[in-house]
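Below: the structure, in structure tokens.
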Amino acid sequence: MPGPRDIVVNTGPLIALAAAGHLGLLRSLFRRVVVPAEVAEEIAAGGSAQFACAEFHAATWIDRRKSPAVLPPYLLTTLDRGEASVIALSLAEKIPTVCIDEKVGRRVARLHGLIVTGSLGILI
């Protein structure tokens, strides 16, 4: 991956990277790691015993948004709230790179001109 930049990350990659013990790779590869409020809520919904919850909360370097993103209805008809919030936040803040694992989410992000990576792309 070329030089450090900002990235908005979805739930799946956060859990996968934490499960593999490599959540810190995001910090080393990107200048700023942004997580929408909806994604943080999805992770917290599993409870403190949920897989990767402790790792996510311990990563104080993650920029966790407190306010929910404004989600356009057309995104919600195709995607879940986490994926929709990642794309909406990325577009609103002009952050060109997103990390999404789900096939449909990746396709929608590319249609919006975003650079897409996933858990495997981060690990490679």
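Observations, loosely collected:
- Accessible area (Å², per residue) of the chain, counting only protein heavy atoms and a probe of 1.4 Å: 51 Å²
- Cβ-placed point charges (K, R +1; D, E -1), dipole of the chain about Cα centre in debye, nearest 20: 380 debye
- The accessible surface of the chain, taken with every protein chain in place and a 1.4 Å probe, is 59 percent carbon and sulfur.
- Cα centroid separation, region 74-124 to region 1-45 (Å): 12 Å
- Taking 7 Å steps out from each Cα toward its Cβ at VAL104 and LEU76 produces label points 1.5 nm apart.
- Considering only VAL35, VAL70, VAL86, the Gaussian network model of the chain with Cα springs below 10 Å gives its largest mean-square fluctuation to VAL70.
The values are calculated or read from the model by the stated rules, or taken from the named source; none is laboratory data. Remember, predicted model here, so these are calculated numbers, not experimental data. FYI the Cβ positions are ideal-geometry reconstructions off the backbone, even for glycines, and counts take in every protein chain you see. These area figures cover heavy atoms from the full protein model, side chains too; ligands, DNA and RNA do not enter into them. Shrake-Rupley method; radii C 1.70, N 1.55, O 1.52, S 1.80 Å.
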